[in-house]
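I have placed the structure first, in the form of structure tokens, so that the comments after it can refer back to it.
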């Protein structure tokens, strides 16, 4: 029978930190926060000069036959409430047969395609120069002057 994690409050989550092993070495820790099964806060050891390491939200779940981990963002940029909502949304997509990883990749590719199709300043400048050259300038010297 699976262990059900106690649902932590925002204050309790704020206090979560990395762990220290028996040798006194700081190691990363995964803390179940409850509310959504598989939602954990990964706490990394601090780097020099800082007292708190980085913390990220991770959703551990099964998609089809594979065990997957989805990064939901860093804490405190993504608060507990938002992380739980995102985790629930991901789990709902998985229940509907949608792989969130594939959906993210498709959205990223769509965005890249849109950006590639946008006209750059250089392209617009070239078009403007060509139009102006056809309208007013008949000499090659005048065209060169306009381009510079």
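The values are calculated or read from the model by the stated rules, or taken from the named source; none is laboratory data. Note that the coordinates shown come from a computational prediction; the quantities given were computed from them, not determined experimentally. Glycine also receives a Cβ, built like all others from the backbone with ideal geometry; neighbour counts cover every protein chain displayed.
Tabulated values for the structure
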read-out: Subset of region 34-60 that is over 18 Å from the mean Cα position of the chain (by Cα) and within 16 Å of residue 85 (Cβ to Cβ) - its residue that is surrounded by the fewest Cβ atoms within 10 Å (Cβ to Cβ); value: 37
read-out: Single unsatisfied condition, residue 80 versus (1) in contact with a helix residue (DSSP H, G or I) (Cβ under 6 Å, 6 or more places away or on another chain); (2) loosely packed, with under 11 Cβ neighbours inside 10 Å; value: (2)
read-out: Selection from region 15-36 of residues that are at pLDDT 90 or above and touching a helix residue (DSSP H, G or I) at 6+ places or on another chain (Cβ under 9 Å); value: 31, 33
read-out: Checklist (1) touching a strand residue (DSSP E or B) at 6+ places or on another chain (Cβ under 7 Å); (2) surrounded by fewer than 16 Cβ atoms within 10 Å (Cβ to Cβ); (3) at negative phi applied to residue 73, failing item; value: (3)
read-out: Those residues of region 15-33 which are surrounded by 15 or more Cβ atoms within 10 Å (Cβ to Cβ) and in contact (Cβ under 8 Å) with a residue 24 or more places away in the chain, in sequence order; value: 16, 17, 18, 26, 32, 33
